[in-house]
Amino acid sequence: MTKIKMNIKPLDQWGVVQDLPLIISGPCSAETKEQVMATAKALVEKTPQVRVFRAGAWKPRTRPNSFEGIGNEALGWMQEVKAETGLLTSVEVANANHVYEALKHGIDILWVGARTTVNPFSVQEIANALKGVDIPVMVKNPINPDLQLWLGAIERIHQAGITRLGAIHRGFSSGQNGRFRNAPQWKLPIELKRLVPDLPMICDPSHICGNRDMLLEISQKALDLAMDGLMLESHPNPDEAWSDQLQQVTPVALAGILEDLNLRKPEGEDREPVDFLKLYRDEIDLIDLEILDTMSRRAKVIEKIAEYKKEHKMTILQVSRWDELLKDRLSLAKKLGLDPKFSKELYQQIHLMSIRIQTKVMNVDEEEIDLDLPQK
Ligand code: PEP
Ligand code: MN
C-alpha cells in the first residue's frame, strides 16, 4: 500500500506537551471521587512526566454484570482533577452521547477504545458527533490484528475534521494464553506509521501486558521503536481495583518504571533503526505458542476419543479413518504450500502421538499395536 497523506498536527503542536514522549496515566476505571483524586494527586507528586490523566467513565466489559463504569458523574471528578492538579484529562468514548458528555465536561482528549474501532458504524457515529469540534482524538487498534480496520477508523475521524489525531497501540487479542494479554505484533503499528508517517503513535503497555512485570520491558521497546508516548494505567491500590487489577500499578511504582526508562536518545543522536529480525523472531515466538497450544488441544480431544472407545469396547486403530484423514490433510497441506515430505513426516508423528495417548488411556500395551504408519 502506498503512503496516505493526512492533515495531522505533530504531537508537540497539540498544546498538550512539548517534551516527548507524552506520558498518559490514571486508573483503568474511575471508581470513586476519592480514588480518582488520590490517583491524580499522587501522579502529580511522584511522576512529573505524566501530563495527561486518563480514567474510563464507561467501561466496555466482556461479560455483563461486571462494573460498567460510573458514567457522567465521573466526568465531573475529571473536571476537579484538572482544576486541582492542572493535569489534562482524557476519556474513552464509544458513542455520540459519550462525545457530547465529554465535551460538555471540558475533557481535553478523547480516545476510541479497541472494541469500538472494530465497528465502522460506531466509529462513524463518533466521527459525526465530532464534526466541527477541535479536540485531540486517539484511536486504539481494533482487538483483532486488522490494519485496514485501524486505518479506516483513523480515516473516519480525520474526515470529521480532526487534525490533532493519534493512534494507540494496545496489542491484539490472539485467543491464546501467551505471555501477553494482547500480543503486541509490533509490525502492525510500524506498518501504520509507514503508511501515515505524520500520525503520532502512543503505546499502551498496560493492555498489552495484562500484568505489572513486563510494563518496563514493553514501554522501553515502544520507545526504542520511536513511538511518541505511553499510556500506563495507575491506581492507588491496584489489587482492589474494580477492573484490570493485575496490570495497574501505584503511582510510586509508575515513577520507578519511568525512571528506569531510557526516555530519549542523547541530543542529536538518531534512534536506532527498527530491528526487523527481532520483530520477526517475536512473531515466530507467537506462532510457536499457537502450534503448541493447538497440539495440546488436539491431544485433549484424542483423550476424549480414547475414553469413548474404551467405554464402547472399540479398537484403537481404525485404519480406514486414518487413511481418509491422512489423504485429506496431505492435500490440504499441499494447497497451503507445505513441502509434501515434511507434511507426511509431521502426520506420522501426530499419528504416533495419538496412538500413544490412546494406548495409555485404554491400558493397552503399545507393542501390541501395529502402528500402520505411512511409508516414507
Ligand atoms: C482501557 O483503556 O481501559 C480499555 C478499555 O482499553 P482497550 O480499549 O484497549 O481494551
Ligand atoms: Mn483497562
Members of region 1-17 found to be closer than 26 Å to Asp108 by Cα, assigned to a loop (DSSP other than H, G, I, E, B) and among the aliphatic types (A, V, I, L, M), listed by number:
Met6, Ile8, Val16, Val17
Within region 178-199, is there a residue that is of a type in the set (Gly, Ala, Ser) and within 16 Å of ligand 2 (Cβ to nearest atom)?
no
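Going through Lys300, Lys310, Lys376 one at a time, which residue ends up being farther than 26 Å from Gln176 by Cα and either modelled with pLDDT of 90 or more or surrounded by 11 or more Cβ atoms within 10 Å (Cβ to Cβ) (or both)? Walk me through it before giving the result.
Working: Lys300 fails: farther than 26 Å from Gln176 by Cα; Lys376 fails: either modelled with pLDDT of 90 or more or surrounded by 11 or more Cβ atoms within 10 Å (Cβ to Cβ) (or both).
Going through Lys300, Lys310, Lys376 in turn, just one is farther than 26 Å from Gln176 by Cα and either modelled with pLDDT of 90 or more or surrounded by 11 or more Cβ atoms within 10 Å (Cβ to Cβ) (or both): Lys310.
Show me the helices (runs of 4 or more DSSP H) entirely contained within region 142-244 in which 1 or more residues are surrounded by fewer than 20 Cβ atoms within 10 Å (Cβ to Cβ) and modelled with pLDDT under 95. Can you show your working first?
Details: elements: 147-159, 187-195, 205-209, 215-224.
In region 142-244, the matching helices (runs of 4 or more DSSP H) lie at 187-195, 215-224.
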Report yes if Ser320 is small (Gly, Ala, Ser) and either modelled with pLDDT of 95 or more or surrounded by 13 or more Cβ atoms within 10 Å (Cβ to Cβ) (or both), otherwise no.
no
Here is a list of conditions, (1) within 16 Å of ligand 2 (Cβ to nearest atom); (2) under 22 Å from Val252 (Cβ atoms), and Ile202 meets all of them except one; can you say which number that is?
(2)
Going residue by residue through region 72-90, is there one that turns out to be within 16 Å of ligand 1 (Cβ to nearest atom), surrounded by fewer than 20 Cβ atoms within 10 Å (Cβ to Cβ) and under 24 Å from Ser243 (Cα atoms)?
no
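Do you know which residues across region 245-265 are assigned to a loop (DSSP other than H, G, I, E, B) and within 12 Å of ligand 1 (Cβ to nearest atom)?
Let us first name the residues in region 245-265 that are assigned to a loop (DSSP other than H, G, I, E, B), namely 248, 250, 261-265.
Scanning region 245-265 gives a single hit, Gln248.
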Listed residues Asn65, Asn72; which is more than 16 Å from ligand 2 (Cβ to nearest atom) and within 16 Å of Glu101 (Cβ to Cβ)?
Asn72
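The values are calculated or read from the model by the stated rules, or taken from the named source; none is laboratory data. What you are looking at is a predicted structure, and each value in this text was computed from that prediction instead of being measured. All Cβ positions, glycine included, derive from the backbone under ideal geometry; neighbour counts span all protein chains shown.
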